[in-house]
């Protein structure tokens, strides 16, 4: 068992019988920021179609896809946090002859799920998606319908998950875990009478669908079936949520609303909070493109420091639109960051304040600071919207090892956040460095901190419902 994902899913069913493939492809393009390694679609009556690379390249396969016309289907864009980036691990995945499944999240106990699959179906599972899918098939083979089968499965899976399922009858289901780690939106396209479930509301807008509501934690919905009406089923009791705080600062698209919160406004509010924390406001504030732009605007509005585009992505090269954080290899992350070009006229001779969404490994920050100083910046100060990341994430974000995290490397035993920031600042070469904190981030988002997950910051994995994996327990003792 190797692969962990934080991806994007899209599901649609048209009661009028309209072909939903164009909507699935359009929705996946809008979710490309959630996964860049592979993409795939599954429609009723056709084999699953999967390809490596970006979904925007679907037109290269238009001849093959021309026969994929169906009123129901699901799609997926993949970002793996661990495991091989190969076509076999792309999604959706076909599970027997009963259904195909796509997944966004990470199942902590995937190895335990996989063991009985090998015994019953005689196959190994490289991904947690496969393990969950075959366990669901097990319960369906016992005579349960999809709702009943998933309720039984939910009692044995632990972790973050959103699933999109297309069964052999053309029925489409969407599921969100009881803690609500990952976002999942429900939409309605009136002209085609199509219900849609998507990882983010931005995908609904991309296909001109109306946002209806967030699918609730612990809820499973059927987008269409025999009566072509939406059907909701609660498979788990309501409990304290653990929405991923990193969605608001980096992962989600700024135009999305997740858990009732505008991502754009949350990021702008974070900038205002950071302006109060950074001692020196500088002569110009510049965002690291692209996710830090709203935060830089908030910082500028609060501090009075003018904002400028001091860093620019080279969008005319192949890697111009790629996000560095979700590239699987260190060398590929560095390649993306090197395509961020400083604008000399904006920074030369000035005290520059750089706003970034987060600092994980420090790779991007070191390269950016070096390039700004080479472009003539008099000084560089940096503020990041997310608190110091000192612990790995097991809910689907690529913080796999404490030893890879810069804050842990340079301030392993440091409890004082100010001293931690000072050590990180020295490591990346800035004159002043400021982190946000848990209180500041929850204030900016507008949700109680108790409703958010900060395990990567404070090492509190209690909401997972299990003790951390053995290797994490050992790390936490060090």
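The values are calculated or read from the model by the stated rules, or taken from the named source; none is laboratory data. Being a predicted model, the structure only gives us computed values, none of them experimental. Don't worry about glycine lacking a Cβ; one is built from the backbone with ideal geometry, like all the others, and counts go over all protein chains shown.
I need the full set of residues from the range 250-272 which are outside any loop (DSSP other than H, G, I, E, B), under 18 Å from residue 356 (Cβ atoms) and either assigned by TED's automatic domain parsing to the domain that holds residue 175 or modelled with pLDDT of 95 or more (or both), in order please. Selection gives 263, 264, 266, 267, 268, 269, 270, 271, 272.
Mind checking whether some residue in the range 50-65 is within 28 Å of residue 120 (Cβ to Cβ), exposed (fewer than 13 other Cβ atoms within 10 Å of the Cβ) and modelled with pLDDT of 95 or more?
Checked the range 50-65: no residue is within 28 Å of residue 120 (Cβ to Cβ), exposed (fewer than 13 other Cβ atoms within 10 Å of the Cβ) and modelled with pLDDT of 95 or more.
Checking 339, 350, 313 one by one, the residue that is surrounded by 15 or more Cβ atoms within 10 Å (Cβ to Cβ), within 16 Å of residue 33 (Cβ to Cβ) and at pLDDT 60 or above is 313 and no other. Can you say whether residue 60 is in contact with a strand residue (DSSP E or B) (Cβ under 7 Å, 6 or more places away or on another chain) and either on the phi < 0 side of the Ramachandran plot or in contact (Cβ under 8 Å) with a residue 12 or more places away in the chain (or both), as far as the supplied structure shows? Here the answer is no, as residue 60 does not meet what is asked. Inspect all residues belonging to the range 242-254 and state whether any of them is surrounded by 17 or more Cβ atoms within 10 Å (Cβ to Cβ) and more than 16 Å from the chain's Cα centre (by Cα). Checked against the condition, which is being surrounded by 17 or more Cβ atoms within 10 Å (Cβ to Cβ) and more than 16 Å from the chain's Cα centre (by Cα), the range 242-254 yields no hits at all.
Picking from residues in the range 155-180 that are modelled with pLDDT under 95 and under 17 Å from the mean Cα position of the chain (by Cα), the one that is surrounded by the fewest Cβ atoms within 10 Å (Cβ to Cβ) is 159.
Yes/no per residue for (1) buried (at least 16 other Cβ atoms within 10 Å of the Cβ); (2) without any contact (Cβ under 8 Å) to a residue 40 or more places away in the chain; (3) assigned to a helix (DSSP H, G or I):
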| site | (1), (2), (3) |
| --- | --- |
| 381 | yes, no, no |
| 389 | yes, no, no |
| 396 | yes, no, no |
| 408 | yes, yes, yes |
| 413 | no, yes, no |
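For residue 238, the conditions (1) closer than 20 Å to residue 158 by Cβ; (2) under 22 Å from the mean Cα position of the chain (by Cα); (3) surrounded by fewer than 23 Cβ atoms within 10 Å (Cβ to Cβ) all hold with the exception of (2). Looking only at residues in the range 351-375 that are closer than 17 Å to residue 291 by Cα and in a strand (DSSP E or B), the one that is nearest to the chain's Cα centre (by Cα) is 356.
Take the residues of the range 415-425 that are closer than 23 Å to residue 374 by Cα and in contact with a strand residue (DSSP E or B) (Cβ under 8 Å, 6 or more places away or on another chain): which is surrounded by the most Cβ atoms within 10 Å (Cβ to Cβ)?
For the range 415-425, the residue satisfying everything is 424.
Per-residue answers, yes or no, for (1) within 12 Å of residue 386 (Cβ to Cβ); (2) without any contact (Cβ under 8 Å) to a residue 12 or more places away in the chain; (3) in contact with a helix residue (DSSP H, G or I) (Cβ under 6 Å, 6 or more places away or on another chain):
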| site | (1), (2), (3) |
| --- | --- |
| 233 | no, no, yes |
| 251 | yes, no, no |
| 259 | no, no, no |
| 264 | no, no, yes |
| 267 | yes, no, yes |
| 272 | no, no, yes |
| 276 | no, no, no |
